[in-house]
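The values are calculated or read from the model by the stated rules, or taken from the named source; none is laboratory data. If you're wondering where the values come from, they're calculated on a predicted model, not measured in any experiment. Glycine also receives a Cβ, built like all others from the backbone with ideal geometry; neighbour counts cover every protein chain displayed.
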Amino acid sequence: MTRAVITHSPRRTSAEALPRVDMSTSLARLELPSPVLTASGCAAAGRELDQFFDITTIGAVVTKSIMMNPRSGRPTPRMAETPSGMLNSIGLQGPGIDSFLDNDLEWLRQRGARAVVSIAGGSVDEYTRLAARLRQVSDIAAIEVNISCPNVESRGQVFACDPLAAAEVIASVRRNTAPGIPVLAKLSPDVTDIVAIAKAVVSAGADGLSMINTLLGMVIDTNTMRPALAGVTGGLSGPAIRPVAVRCIFQVHAQLPDVPILGMGGIRTGLDALEFVLAGASAVSVGTATFNDPSAPARVAHELAVALAERGFERFEDAIGYAHRTPEPHAAPGGVVAVHPVNPEDDIADGDIRGGVEG
Amino acid sequence: MSENTRSGAIQVKGEVLSTRRAGDYHVLTLTAPGIPELARPGHFVALGVGGVTSANLLRRAFSIYTVQSRGVYGGTLEVVFAVSGAGTEWMAGLHRGQQVDIVGPLGKPFMLPKNPVPCVLVAGGYGSAPMFMLADALRARGCRVDVVFGAATESKLFGVLEAKRVAASITITTDDGSVGERGRVTDVLPTVIKRTDADVVYACGPMGMLREVAKVAAAHGAYSQCAVEESMACGIGVCMTCVLPVIGADGITRMVRSCVDGPIFRGDRVRWDDVDTIPDDVYGAPVKGGH
Ligand SMILES: Cc1cc2nc3c(=O)[nH]c(=O)nc-3n(C[C@H](O)[C@H](O)[C@H](O)COP(=O)(O)OP(=O)(O)OC[C@H]3O[C@@H](n4cnc5c(N)ncnc54)[C@H](O)[C@@H]3O)c2cc1C
Ligand SMILES: Cc1cc2nc3c(=O)[nH]c(=O)nc-3n(C[C@H](O)[C@H](O)[C@H](O)COP(=O)(O)O)c2cc1C
Ligand code: FES
C-alpha cells in the first residue's frame with residue numbers, strides 16, 4: 001500500500017468541492033459498500049432506525065446478540081448515564097433464535113439490508129447450536145460471536161477473558177458455519193493482554209475481530225446509597241471508552257496486520273471513526289451514539305468520507321492502519337511530505353506498541 | 001376502543017421560541033416542523049440535552065403538552081418539565097433562538113373510545129401535561145371529560161385553570177392540603193367515577209399513583225389507560241432499558257419496551273407490583289439453576 005503524497009494538514013474546503021472517496025471495504029470475505037455499521041445491542045434489528053436513515057445504505061446492521069431460547073434479561077434499572085457514556089445491564093433480553101430468524105432477519109432480508117448476526121451463549125454447545133441453526137438460512141453477511149458471556153460450565157468465567165475457552169467457542173462456530181460466511185470474534189477489553197486473546201481466536205479460525213465490547217463498571221446512587229443498576233455492575237460504553245478502544249485496535253493490528261478488525265467503542269463523529277481506521281480497523285460500528293442521535297451511523301459515514309477526502313485519501317482502504325507508518329522526515333514545502341510505504345510489522349517494535357504504563 | 005397506530009417518528013432541529021415558569025415547572029415552546037401533524041395525545045418527544053458535544057448523551061423524554069401545526073412558526077410543540085438533574089437544568093436555562101434536537105412523536109398514544117362515553121382524566125404533578133390534548137380529542141368524540149389532578153403541594157399542580165376550560169368538573173388533591181382536598185387522587189377517584197358513571201380512566205403520573213388508579217378503575221368496572229415513566233436510554237426501541245412486565249392478550253407476561261409498546265398501557269395489563277423485577281413466570285425468565 002503506497003500513497004503518492006499526503007497533505008500535511010487537512011484541507012479546509014467545503015465538502016462539495018472534495019473529490020469522492022471510494023468507501024468500499026471488506027471484512028475477510030465480506031465486501032461492504034460502506035465501512036460504517038451499527039453495533040450489536042444498539043440498533044435492535046434495524047427496523048426502528050430505518051425511520052431515521054435508509055439502513056440499506058450503511059455497511060450492515062449488526063443485530064442484538066441472540067441466544068437459543070427467549071430471554072427476559074435483568075431487572076430494571078438497567079442503565080445509568082455516566083460522563084460521556086452510560087452503563088447498561090440488559091442481560092441479553094431477546095426472543096430466541098427461532099423468533100429472531102422468522103421476524104427480525106426476515107424483515108432485514110425483505111428490506112434488502114446486509115445483516116451481521118450476533119450470537120451469544122452460555123456454553124460452547126449453545127454457540128455451536130446457534131451456528132448450526134444459522135447455517136440453514138441464507139442472506140446473512142457474517143456472524144459476530146459475542147464471547148463476553150459467562151460460561152455456565154466454568155463457574156461463570158467470561159469466555160472472552162480466557163484464551164482457551166474463547167478459542168473453543170470460535171473453533172466450534174467456525175466449523176459449523178458455511179465457509180463463505182466470515183466469523184468475527186468480539187473481544188472484551190477487560191483482559192490483561194488483548195493481543196493474546198486475539199491471537200488465540202484467530203488461531204481457532206476467526207476470520208476477523210470485533211473490538212471492543214463494553215468495560216465493566218459501576219455507579220452508586222448517592223441518594224439511595226445503593227448501586228444504581230439492579231444488576232449492580234454494568235457495561236460502560238460511549239465516547240468515555242474511545243481511547244481504550246483505539247489502543248486495543250492499535251495493539252492488535254500491530255501484531256496481526258492481516259486480520260480485519262471491526263472497530264467500535266465511543267464513535268460519535270466521522271473523526272472518531274477515522275481514529276479507529278488509522279489504528280487498523282477495516283470497518284467500524286456506531287453504538288451508544290445512536291441513542292444520542294438516531295441518524296448517527298449514516299452521519300458518521302458521511303463525515304468519515306469528508307474527513308478522508310480532506311486528507312487526500314482516494315480510497316478508504318488506504319487509510320486502514322495508516323497511524324502505524326514510520327515517523328516522517330521533514331515535511332516538504334507546501335505541506336507535502338515524502339512517499340512512505342505502510343508496513344506496520346516492520347516499522348514498529350513490539351516494545352513500542354505494548355508500551356507499558358509508565359510514571 | 002380504536003387504536004391509533006403511529007406512522008413513524010422524525011428527527012428535527014427545533015428552535016426555542018419561549019420558556020416560561022408555571023409554578024414549580026417550566027414550559028418550553030419549540031419549533032418542531034413535521035411533528036404536530038404526527039402527534040396524538042399521549043405521544044412523547046425525546047430531546048437531546050446540552051448541545052452536539054454534550055457529555056450527557058442520553059435523550060430526555062417528555063410528554064407532548066400542546067402542538068400547533070400552523071402559524072407564523074410552522075409547526076411548534078410545548079413540553080412541561082420539572083428540573084430534576086443535569087439535562088432538565090440545561091433545558092431550564094435555554095434562551096429564545098437556541099437549537100434543540102427533537103425526536104418524535106414517540107410511543108403509542110392513548111386509545112380513544114369509539115363511543116361518546118364518560119371519561120375521567122387523572123394526573124399527578126406534571127402528569128397533567130398530556131391530558132389537555134387528550135381532553136380535546138375526547139370532547140371531539142362527544143365524551144364527557146372530568147379531571148382529577150393531584151400533587152404534593154399547590155405549586156406542583158400544572159394546568160388547573162386550563163383544565164376548567166376542558167372539563168365538566170375538576171377535583172384537586174394535595175398531600176399538604178394547600179389547595180383542594182388534602183390527600184391523594186385515589187382518595188377522591190371512586191366518587192368521581194361513580195358520579196360520572198365513567199367507562200374509561202386515563203392516568204399519567206408516578207408509578208405508585210398509576211398502580212392505585214388502575215386498581216380503583218378495575219374495582220369500578222372501568223377501563224384504565226396509564227402512561228408509565230420508565231428510565232429510557234434511546235426512546236426509540238433499540239436499547240431494551242425501559243422494560244416492564246406486561247401481560248399480553250395471550251395471557252403471557254413479557255418484559256416489554258415502554259418507549260415503543262407504551263408508554264400508554266392498559267392498567268389491568270401491567271404487573272404493577274412486579275415492576276423492577278423479573279417475575280418467575282415471565283416469558284424467557286431464567287430457569288432455576290440455569291443462567
Ligand atoms: C415517557 C416519559 C414522559 C415523561 N414526561 C415528562 C414530562 O412531561 N415532564 C417532566 O418533567 N418529566 C417527564 N419525564 C421524566 C423526564 O424524562 C426526566 O425527568 C428527565 O429525563 C430527567 O433528566 P435529568 O437530566 O434532569 O435528570 P438525571 O437524573 O440527570 O437524568 C439521568 C438519566 O436518567 C434518565 N431519567 C432520570 N429520571 C427519569 C425519569 N423520571 N423518567 C425517565 N428517565 C429518567 C434521564 O433520561 C437520563 O438519561 C418523562 C419520562 C418519560 C419516560
Ligand atoms: C444498551 C447496550 C446493549 C448492548 N448489547 C450488546 C449485545 O447484545 N451484544 C454485544 O456484542 N454487544 C452489546 N453491546 C456493546 C456494543 O455493541 C459495543 O461493543 C459497545 O457499546 C461499545 O461501542 P459504543 O461505545 O459505540 O456503544 C451493547 C451496548 C449497549 C450500550
Ligand atoms: S428506551 Fe431504548 S428500548 Fe426503550
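For segment B:216-234, a residue qualifies if it is crowded, with 24+ Cβ neighbours inside 10 Å and facing chain A (nearest Cβ under 8 Å), and the qualifying residues are B:Ala233, B:Cys234. Between A:Leu105, A:Leu92, the distinction of being within 14 Å of chain B (Cβ to nearest Cβ), aliphatic (A, V, I, L, M) and either part of a strand (DSSP E or B) or under 29 Å from B:Cys242 (Cβ atoms) (or both) belongs to A:Leu92 only. Inspect segment B:202-222 for any residue being under 18 Å from B:Phe132 (Cα atoms), at pLDDT below 95 and in contact with a strand residue (DSSP E or B) (Cβ under 8 Å, 6 or more places away or on another chain) and give the result as yes or no. No.
Is segment B:58-66 home to any residue that is within 16 Å of ligand 2 (Cβ to nearest atom), modelled with pLDDT of 95 or more, crowded, with 19+ Cβ neighbours inside 10 Å and more than 15 Å from the chain's Cα centre (by Cα)? Yes. Within segment B:233-291, the set of residues being away from ligand 2 (no atom under 16 Å from the Cβ), among the hydroxyl-bearing types (Ser, Thr, Tyr) and within 29 Å of A:Ala289 (Cα to Cα) comprises just one member, B:Thr277. Looking at segment A:301-315, can you tell me whether even one residue there is closer than 25 Å to B:Met240 by Cα, in contact (Cβ under 8 Å) with a residue 60 or more places away in the chain and part of a strand (DSSP E or B)? No; the residues of segment A:301-315 include none that is closer than 25 Å to B:Met240 by Cα, in contact (Cβ under 8 Å) with a residue 60 or more places away in the chain and part of a strand (DSSP E or B). Scanning for something crowded, with 24+ Cβ neighbours inside 10 Å and not assigned by TED's automatic domain parsing to the domain that holds B:Val45, does segment B:171-179 turn up at least one residue? Checked segment B:171-179: no residue is crowded, with 24+ Cβ neighbours inside 10 Å and not assigned by TED's automatic domain parsing to the domain that holds B:Val45.
Can you find a residue in segment B:54-63 that is in contact (Cβ under 8 Å) with a residue 60 or more places away in the chain and away from ligand 1 (no atom under 16 Å from the Cβ)? Among the residues of segment B:54-63, not one is in contact (Cβ under 8 Å) with a residue 60 or more places away in the chain and away from ligand 1 (no atom under 16 Å from the Cβ), which makes the answer no. Just one of (1) touching a helix residue (DSSP H, G or I) at 6+ places or on another chain (Cβ under 7 Å); (2) away from ligand 1 (no atom under 16 Å from the Cβ) fails for B:Lys156. It is (2). A single member of A:Ala141, A:Ala178 is crowded, with 22+ Cβ neighbours inside 10 Å and small (Gly, Ala, Ser), and it is A:Ala141. Taken over segment B:230-254, the criterion of being within 19 Å of B:Gly127 (Cβ to Cβ), of a type outside the set (Gly, Ala, Ser) and touching a residue at least 60 places away in the same chain (Cβ under 8 Å) is satisfied by B:Met232 alone. Criterion first (within 14 Å of chain B (Cβ to nearest Cβ) and either more than 15 Å from ligand 2 (Cβ to nearest atom) or of a type in the set (S, T, N, Q) (or both)) does A:Asp221 satisfy it? Considered against the rule, which asks whether it is within 14 Å of chain B (Cβ to nearest Cβ) and either more than 15 Å from ligand 2 (Cβ to nearest atom) or of a type in the set (S, T, N, Q) (or both), A:Asp221 comes out as yes. Test B:Ser54 against the criterion of being within 16 Å of ligand 2 (Cβ to nearest atom), farther than 28 Å from B:Ala203 by Cβ and either away from every other protein chain (no Cβ under 14 Å) or over 16 Å from the mean Cα position of the chain (by Cα) (or both), and give yes or no. In short, yes.
Of note, B:Pro245 does not satisfy the criterion of being within 14 Å of chain A (Cβ to nearest Cβ) and at pLDDT below 95.
When we screen B:Arg271, B:Arg257 for residues that are among the basic types (Lys, Arg), without any contact (Cβ under 8 Å) to a residue 60 or more places away in the chain and touching a Ser or Thr at 6+ places or on another chain (Cβ under 8 Å), the only hit is B:Arg271. Would it be correct to say that B:Gly183 is over 19 Å from the mean Cα position of the chain (by Cα) and on the phi > 0 side of the Ramachandran plot? Against the criterion (over 19 Å from the mean Cα position of the chain (by Cα) and on the phi > 0 side of the Ramachandran plot), B:Gly183 qualifies. Of all residues in segment A:233-251 being touching a Lys or Arg at 6+ places or on another chain (Cβ under 9 Å) and within 25 Å of A:Pro150 (Cα to Cα), which is nearest to ligand 1 (Cβ to nearest atom)? That would be A:Gly238.
For every residue, the table says whether it meets (1) of a type in the set (Val, Ile, Thr); (2) touching a Cys at 6+ places or on another chain (Cβ under 6 Å); (3) farther than 20 Å from A:Gly287 by Cβ.
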{"residue": "A:Ile119", "(1), (2), (3)": "yes, no, no"}
{"residue": "A:Val137", "(1), (2), (3)": "yes, no, yes"}
{"residue": "A:Gln157", "(1), (2), (3)": "no, no, yes"}
{"residue": "A:Ala166", "(1), (2), (3)": "no, no, yes"}
{"residue": "A:Lys186", "(1), (2), (3)": "no, no, no"}
{"residue": "A:Lys199", "(1), (2), (3)": "no, no, yes"}
{"residue": "A:Ser203", "(1), (2), (3)": "no, no, yes"}
{"residue": "A:Gly208", "(1), (2), (3)": "no, no, no"}
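Applying the criterion of at least 2 residues that are within 26 Å of B:Val185 (Cβ to Cβ) and not aliphatic (A, V, I, L, M) to the strands (runs of 3 or more DSSP E) found wholly in segment B:195-259 leaves B:200-204, B:223-227. If you go through segment A:180-205 and keep only what is free of Cβ contacts under 8 Å to residues at least 60 places away in the same chain, under 15 Å from the mean Cα position of the chain (by Cα) and within 22 Å of A:Leu130 (Cβ to Cβ), you end up with A:Val183, A:Ala185, A:Ser188. Counting the residues of segment B:59-101 that are more than 16 Å from ligand 3 (Cβ to nearest atom), within 14 Å of chain A (Cβ to nearest Cβ), of a type outside the set (Gly, Ala, Ser) and closer than 26 Å to A:Phe52 by Cβ gives 5. The residues on offer are B:Gly87, B:Gly93, B:Gly159, B:Gly142, and the sole one that is at pLDDT 95 or above, touching a strand residue (DSSP E or B) at 6+ places or on another chain (Cβ under 6 Å) and not charged (D, E, K, R) is B:Gly87.
For residues in segment A:37-53 being at the interface with chain B (Cβ under 7 Å from one of its Cβ atoms) and not in a loop (DSSP other than H, G, I, E, B), which is nearest to ligand 1 (Cβ to nearest atom)? Here the residue is A:Gln51.
Tell me, yes or no, whether segment A:34-48 has at least one residue that is surrounded by fewer than 21 Cβ atoms within 10 Å (Cβ to Cβ), more than 22 Å from A:Gly266 (Cα to Cα), touching a Phe, Trp or Tyr at 6+ places or on another chain (Cβ under 9 Å) and not β-branched (Val, Ile, Thr). Yes.
Any residue at all in segment A:81-102 that's of a type in the set (Val, Ile, Thr), within 16 Å of ligand 3 (Cβ to nearest atom) and in contact with a strand residue (DSSP E or B) (Cβ under 9 Å, 6 or more places away or on another chain)? Yes - at least one qualifying residue is present in segment A:81-102.
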